[in-house]
Amino acid sequence: MSGLLGSITSTLGRLFENLLPSWGDPAPVPPEKTEPSEPPELEAEPEAESEGQNLSISRIAMFEDIADQISDVYRRELVRLEGIKTKIVLIAHMYRFVPVGRFHNPRIDQDIAFPSEILDTIRQDRIDQTVSRQYHEILDKIDEMERNQHSGWTYEYGIKIFLEISAYQPFRGRSHFALPKIWAKPQLGIINPQNTDERCFEACLKAYLASEEARRQGTRARNLHDVGRL
């Protein structure tokens with residue numbers, strides 16, 4: 001009897017095993033299919049300016065901020081002196097690293113002067129152009145030092161700006177100055193006639209013609225510096 005019940009139970013178990021889910025872990029559910037999506041577009045970040053570009057901009061901005069002040073000083077001095085010679089000098093703080101041994105590169109700081117060329121002017125309408133030319137020359141000198149691979153110096157900031165201004169008196173009509181004795185010789189081709197009017201070019205022509213006439217006659221020209229005796 002027990003054998004018959006065991007056989008029936010075994011048969012029913014196999015039957016229901018095929019019809020009912022197992023009592024273990026639930027059957028995995030396949031994931032839902034989704035449409036493929038494009039990856040999100042990343043906004044392009046603006047490129048950061050290099051340190052060298054920032055330094056160059058700061059140098060230009062430094063001069064542009066005070067260019068009008070420099071021009072005003074030049075204008076006042078030009079009115080007072082009637083002619084001026086000018087120079088701009090920038091004192092800049094520079095640094096560089098000097099290799100000492102394999103693992104030690106100490107930093108050296110130094111204040112370096114960058115002078116512009118000396119320019120003269122007698123006209124108010126040329127002042128802005130003069131200032132621009134001078135400070136661009138200074139910027140070029142700084143850039144040249146930084147590009148020099150043997151220099152190693154890097155601009156950090158400007159400390160002071162000096163203006164050197166002196167009186168300038170260009171030669172005008174009736175102007176004359178004596179030459180040094182070593183040059184006051186017509187034989188050297190230098191003729192410096194002394195005149196008291198504004199006809200100096202005419203005096204030079206007379207001196208030249210007198211010299212040529214003497215040469216054709218095989219004689220030595222004399223009194224070429226004395227306009228009254230030409």
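Please list 105-114, 189-198 highest first by mean number of surrounding beta-carbon atoms within 10 Å per residue.
189-198, 105-114
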*asked:* Give the lysines whose C-alpha is closer than 27 Å to that of residue 206, dropping any in the same chain fewer than 8 places away, or say none.
replied: 181, 185
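Which translational diffusion coefficient, to the nearest whole µm²/s, is obtained for the range 51-167 from the Stokes-Einstein equation, given a Kirkwood hydrodynamic radius over C-alpha pairs, 10 °C and 1.306 mPa s? Could the numbers behind the result be given before it?
Working: Rh = 15.6 Å.
Rounded to a whole number, D works out at 102 µm²/s.
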*Starting from the Cα of residue 141, draw a straight line to each of the lysines and keep only those under 16 Å, dropping any in the same chain fewer than 8 residues away.*
87
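Read-outs: derived from the displayed coordinates by stated rules, not from any lab. Since the model is a prediction, treat every value here as computed from it, not as a measurement. FYI the Cβ positions are ideal-geometry reconstructions off the backbone, even for glycines, and counts take in every protein chain you see.
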